[in-house]
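See structure below.
Every read-out reported here was derived from the displayed coordinates using simple, explicitly stated rules and does not represent laboratory data. Everything quoted here is computed from the prediction, not taken from an experiment. Cβ placement follows ideal geometry from the backbone for every residue including glycine, while neighbour counts extend to all protein chains displayed.
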Amino acid sequence: MKIEILEKKKNRLSFLLKDSSVHFANALRRTIINEVPTMAIEDVEFRKNSSALYDEMVAHRLGLIPLKTDLKSYELPAECSCKAEGCAKCQVVGSLKVKDVKAPRMVLASEMKFKDPAIKPVYQDMPIVLLLKNQELEFEATAVLGKGKEHSKWIPAHIFYKYLPNIEIGKDIENPEEIAAVCPVDVFEVKSKKLAIKDLYACHLCGACVDASEGKVKLNEKDTDFIFYMEPFGQLDSEEIVNKAIDIIDSQLDELDSQL
Ligand SMILES: [Zn+2]
C-alpha cells in the first residue's frame, strides 16, 4: 500500500491511496469519523441567561464550537484513572461572563476562557448569542474528549473518497473539442488536435465523454486506488487525524488478534 499526497493546505488534504482495497479505504474513513477523539463542550451550568435563547439552545450551540484539541495531555473520560468522575486529565472548564450591555452586541466564542490556555475555540469569531441592552449571559462549561460515533460534535473532519478513474482514449476520435467541452469537470484538453487528459483526479465518472465519443473513450474505475479528500474542522490537523486513525485501527486489530 502506498500513500501519495496530492494537495496539502491548512484546512484541506487530498491524497491517493494506492494498491489497497475498498475495505481498508472505508475502514480508514469510518475510523476518522467515528473513533478519532476531539474536545467539545459537554456540560454547561448557567448562572445567568436573559438572552432570547433558552439555556438548552445556548448549550447546544456551545457544544458545536470546535475546540483546539491536545490529544497528548487529555484522556477519554471512560479511559481516565478517575473512572469518568472528572479530573484535570479528562476535562477542562471554561467560563464566560457578559453583563452591563449598553447596546445590542454579539457574544463571541473568543470571550470564553478555559483554565488550560491550550484549549480554545478554533474560530474565535463564532457567534454564540446576540445580547440586547441590559441582557446578561454567564456560564461555566465543561469540555471533554469524545468520539464522533456518540455525537457529531466530536467528528474531527469531513472526509470522503472516490475510486481513481481509468480513462482510455481510443483512436480515430473525430470530435475532440466536443468531448473536452462536454466534460463538466474539465478532465480533458485538446493537444495538437488530439484528445488528452489534463486533470485525471477531477473525474467523477459521469460518463459524458463516453456518450459524446460514442464509446471511443472508455471509462472505468481502478478498484485498488482511491482519492481521499479531507477537510479538518480545526480541532486537530490533518496529519494528526490520519496518524491517530491508523493507531486506532492498529490497536483494534491487536485486540481482535488477542481475542482469537
Ligand atoms: Zn479523569
Review point. Using a simple spin-label model with points 7 Å from Cα along the Cα→Cβ vector, what separation in nm is obtained for residue 160 and residue 237?
Key: 2.7
Revision key, fill the gap. About its Cα centre, the chain carries a charge dipole, from +1 on Lys and Arg Cβ atoms and -1 on Asp and Glu Cβ atoms, whose size in debye to the nearest 20 is 900
Point to revise | Sequence-distant residues sharing a close amide H with residue 205 (under 5 Å, placed H) | key: none
Revision key, fill the gap. Those helices of the chain passing the 30 Å axial Cα length cut-off and the mean Kyte-Doolittle cut-off of -1.0 (DSSP H runs only) are 238-259
Exercise for review: Find, among the GluC sites (Glu not before Pro) in segment 87-182, those assigned to loop by DSSP (not H, G, I, E, B) with at most 16 other beta-carbon atoms within 10 angstrom.
Suggested key: 136, 150, 174
Review point. Can you give the charge dipole size of segment 38-150 about its Cα centre, rounded to the nearest 20 debye, using +1 on the beta carbon of Lys and Arg and -1 on the beta carbon of Asp and Glu?
Key: 360
Study note, to complete from the structure: Computed ³J(HN,Hα) along segment 95-104: with the Karplus parameters 6.51/-1.76/1.60, θ = phi - 60°, integer Hz and x for glycine or proline, the list is 9, 8, 9, 10, 9, 6, 7, 8, 9, x
Point to revise | Spacing of the two label points (7 Å from each Cα toward its C-beta) at residue 211 and residue 70, in nm | key: 5.6
Point to revise | Derived scalar couplings ³J(HN,Hα) [segment 153-165; Karplus, 6.51 cos²θ - 1.76 cosθ + 1.60; whole Hz; x for Gly, Pro] | key: 5, 8, 6, x, 7, 8, 9, 8, 9, 9, 5, 6, x
Practice item. List every residue whose amide H lies under 5 Å from the amide H of residue 129, counting only residues 5 or more places away in sequence or on a different chain, with H placed 1.01 Å from N in the peptide plane. Key: 107
Review point. Taking a label point 7 Å from the Cα of residue 55 along the Cα→Cβ vector, which residues of segment 149-171 have an amide N closer than 12 Å to it?
Key: none
Point to revise | Dipole magnitude of segment 161-223 about its Cα centre (Cβ charges: Lys, Arg +1; Asp, Glu -1), debye to nearest 20 | key: 220
**Study point:** Karplus 3J(HN,Hα) series, Hz, for segment 130-140 with 6.51 cos²θ - 1.76 cosθ + 1.60 (x for Gly, Pro)
**Key:** 8, 9, 8, 3, 6, 7, 9, 9, 8, 7, 10
**Study point:** Simple spin-label estimate for residue 193 and residue 18 in nanometres, 7 Å along Cα-Cβ
**Key:** 3.5
Check your understanding: What is the P(r) of the chain, as percent of Cα-Cα pairs per 5 Å bin from 0?
Key -> 1, 6, 11, 12, 12, 11, 10, 9, 8, 7, 6, 5, 3, 1, 0, 0
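Which FRET efficiency value, to the nearest 0.05, is calculated for residue 6 and residue 149 with the Förster distance at 22 angstrom and r the Cβ-Cβ distance?
Details: r = 28 Å, r/R0 = 1.28.
Plugging the Cβ-Cβ distance into 1/(1 + (r/R0)^6) gives 0.20.
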Practice item. Please name whichever of 94, 51, 200 sits farthest to the positive end of the charge dipole of the chain, dipole taken about the Cα centre and charges placed at Cβ: Lys and Arg +1, Asp and Glu -1. Key: 51
